[in-house]
Ligand code: UT7
C-alpha cells in the first residue's frame with residue numbers, strides 16, 4: 001500500500017494533572033506512579049469532549065497539509081470514548097468543519113490499537129478516495145474510576161490527526177491482529193442492564209504481560225532494523241524497556257512522551273509522532289515503526305517512510 005502523511009496535528013487539553021494532583025484524590029504518590037509507569041503528568045479536559053479535541057487536531061493537520069477542509073474525502077475517528085453512541089465523532093468533526101460535499105465519515109473502536117486499525121482502513125480507501133483525515137481522539141478522564149488507583153493513574157485525554165494521500169513513492173507495511181480477551185482483562189461496559197458505571201476495568205499484571213508480548217510481536221513482524229525510530233503505544237515505560245531489553249534494541253530507538261501525556265489510547269501514537277517530528281527526531285524520508293496494543297485484545301504494527 002502506498003501513501004504519504006502530508007499533514008499532522010494534535011490537541012491536548014490545557015489542564016495538566018500531575019501525579020501529585022492525583023495523590024490528593026486517591027492513595028497514591030509521585031514516586032509509585034513514576035517508578036511503575038514512567039508517567040509524571042497527563043492532560044484532562046475541563047469542558048471539552050472528544051469531538052472538540054478531534055476537531056482542533058483535524059484543523060491543524062489540514063492546515064499543515066496546506067489543504068482546505070473541502071479537500072477531505074474521508075474522515076475516520078479512532079476512539080473508544082465517543083461523545084455519543086451516534087452520531088459518530090467523525091460526523092461531528094465533519095459538521096464542525098462545515099463540510100457538506102460527498103464524503104465518508106465514520107468511527108473505529110480499536111481501543112489503544114485504534115489508530116493502526118484506522119490506518120489500515122484509510123490505506124485501503126485511498127484506492128478510491130483522494131485525501132483521508134485519520135484522527136485518534138480520546139477523553140478517557142470521563143471513564144475513569146478515581147477509587148481504582150491502579151487504573152486511574154495511567155490515562156490522559158488528547159487527540160492527534162494526520163492527512164493521508166495516495167503516493168506511489170511511499171510504501172506502508174501494516175498488519176493488525178485481534179485476540180479474544182477470554183479472561184476479560186481489559187474492558188469498559190456499555191449499556192448492558194447491570195447499571196455498573198461505565199468505567200475502565202483492568203487486570204494490570206495480565207494486561208502488562210499481553211502488552212510486552214504484543215509489542216514484541218508487532219516489532220518483529222516488521223523489518224525493524226531498517227527503521228530510524230520506533231513509536232510504541234505510550235502505555236508504560238516498563239513495557240517498552242522490557243521489550244527493548246528482550247529484543248536487544250537500544251532504548252534510544254524507542255520514542256516516549258508518556259511522562260508528559262500518559263496513555264491517551266487511540267491518540268497516543270499520533271501525538272507521539274507529531275512530537276518526535278517537532279523535536280527533530282524524525283525528518284522527511286525517515287522510516288518509522290508504530291506499534292499499538294490494547295483492549296480487544298488487539299495489536300497493530302506499521303512501518304512506513306515519512
Ligand atoms: O493500553 C493498555 C492499558 N493498560 C496498561 O498499560 C496496563 C499495564 N499494566 C501496568 O501498567 C501495571 O500492571 C500497573 C501500573 C497497572 C500496576 O503495576 P504493578 O507493578 O503490576 O503493580 P501491582 O498491581 O502488582 O500492585 C503492586 C502494589 C499493590 O500493593 P500491595 O498489594 O503489594 O500492597 C497495589 O495495591 O502497588 C499498589 N498500587 C499502588 N500504590 C500506589 C497499585 N496502584 C497504586 C498506586 N499508587 N496508584
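What follows draws every value from the coordinates through simple rules; no lab data is involved. Note that the structure is predicted; figures quoted are calculated from it, not measured. Positions of Cβ are backbone-derived with ideal geometry, glycine not excepted, and every protein chain shown enters the neighbour counts.
Taking Cα centroids, how far is the stretch 54-87 from the stretch 266-306 in Å?
Their Cα centres are 18 Å away from one another.
By counting other Cβ atoms within 10 Å of each Cβ, how are 244, 150, 205 ranked from fewest to most? Don't skip to the end; give the middle numbers.
Values: 244 20, 150 15, 205 10.
Neighbour counts put them in this order, fewest first: 205, 150, 244.
Could you sort the peptides 262-269, 85-92, 175-182, 4-11 by per-residue average Cβ neighbour count (10 Å cutoff), highest mean leading?
Values: 262-269: 31.4, 85-92: 19.1, 175-182: 13.4, 4-11: 21.8.
Descending mean neighbour count gives 262-269, 4-11, 85-92, 175-182.
Find the eigenvalues of the gyration tensor of the Cα atoms of the stretch 37-171, then list the square roots of 5 times those eigenvalues as equivalent ellipsoid semi-axes, largest first, in whole angstrom. Provide the component values of the computation, followed by the final result.
Working: eigenvalues 154, 51, 34 Å².
Here the semi-axes work out to 28, 16, 13 Å.
Dividing the convex hull volume of the alpha carbon atoms of the stretch 173-305 by its residue count, what do you get in Å³ per residue?
On the way: hull volume 15.2 nm³, N = 133.
Cα convex hull per residue, to the nearest whole number: 114 Å³.
Taking only C-alpha pairs under 8 Å that are 6+ residues apart, what is the relative contact order of the chain in percent?
Details: 741 pairs, mean separation 78.7, N = 306.
That works out to 26 percent.
In Å and on Cα atoms, what radius of gyration and Dmax does the stretch 110-163 show?
When restricted to the Cα atoms of the stretch 110-163, Rg and Dmax are 14.9, 48 Å.
Between the stretch 197-234 and the stretch 102-153, what's the alpha-carbon centroid distance in Å?
16
List the equivalent ellipsoid semi-axes of the stretch 239-306 in whole Å, largest first, each obtained as the square root of 5λ for an eigenvalue λ of the Cα gyration tensor.
18, 16, 13
Mind sorting 230, 249 by how few other Cβ atoms lie within 10 Å of their own Cβ, fewest first? Show your work: numbers first, answer last.
Details: 230 25, 249 17.
Lowest to highest Cβ neighbour count: 249, 230.
Take every Cα-Cα pair in the stretch 1-108 and report what % of them are more than 23 Å apart.
Working: 2492 of 5778 pairs.
In whole percent, the share of Cα-Cα pairs in the stretch 1-108 beyond 23 Å is 43.
How high is the relative contact order of the stretch 175-306? Use alpha-carbon pairs under 8 Å, at least six apart in sequence, and give a whole percent. Let's see the in-between values first.
Numbers: 200 pairs, mean separation 45.7, N = 132.
Relative contact order for the stretch 175-306 comes out at 35 percent.
Find the all-direction average of the projected area of the Cα convex hull for the chain, expressing the result in square nanometres with one decimal place. If you can, show how the numbers build up before the last one.
Values: hull surface 60.2 nm².
About 15.1 nm², averaged over all directions.
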